[in-house]
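See structure below.
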């Protein structure tokens, strides 16, 4: 009897050890795909989106991070997406006053989408409730910017969004159908050592702002006395589109 009881206890101990061994094994990814355990949230984009309009359009601001170090840069893109799986045609383009005014500061006049989507960069944490008190937007364009009036769309032009994306075709009575990407990159203008290209040069992200009241002879690059890197604090991209949608995307400079 004692022997049988001893064998039973040994079997129980062996079963417990086997269970503990299984629990201690690392979890295997399903279907052979690697499972990421990274907790660095800056590795994924930050997306801020409006609701979806009755036409199926959605305005988005996509940033690669929610913060940056002083003298660094943050990548940001503003775009309008067709969320429907079919073409969406919208007639009668009417200029948006916010977009027209902000194009002089946000430096996207060279983009074919500058009539459809625009943005401004403000100091502080800006939202729908306090945007009217945000003051003047920061100037992202270098001084002496050359405006690109040729990119504006004629009144009465129509736009047809292609399914599931930011691609569209613009048509009018005076122009041939033109394919456009309805999105712009938010960048600080930097003309490097070639000021002859002022109005056609941008940087690689948002890194600072310009002061056109300060004389800036010569190359309009980031060593210019008219340029300032962002001081520490909060900044907000306020984006809008031709269809009255707004998005507010705040980031922090540390």
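The values are calculated or read from the model by the stated rules, or taken from the named source; none is laboratory data. Remember, predicted model here, so these are calculated numbers, not experimental data. Here the Cβ positions follow ideal geometry from the backbone for every residue, glycine too, while neighbour counts run over all protein chains shown.
If you check 90, 81, which single one turns out to be surrounded by fewer than 19 Cβ atoms within 10 Å (Cβ to Cβ) and under 18 Å from residue 180 (Cα atoms)?
Working: 81 fails: surrounded by fewer than 19 Cβ atoms within 10 Å (Cβ to Cβ).
The match here is 90.
If a residue has to be out of contact with any strand residue (DSSP E or B) (no Cβ under 6 Å at 6 or more places or on another chain) and at pLDDT 90 or above to count, how many in region 144-162 make the cut?
1
Tally the residues that are outside any loop (DSSP other than H, G, I, E, B) and modelled with pLDDT under 90, restricting the search to region 185-195.
Total meeting the criteria: 1.
Condition first: part of a loop (DSSP other than H, G, I, E, B) and either modelled with pLDDT of 95 or more or within 13 Å of residue 137 (Cβ to Cβ) (or both). Now tell me which residues in region 81-111 satisfy that.
83, 84, 85, 86, 87, 107, 108
Looking only at region 197-247, count how many residues are outside any loop (DSSP other than H, G, I, E, B) and surrounded by fewer than 19 Cβ atoms within 10 Å (Cβ to Cβ).
Matching residues across region 197-247 total 6.
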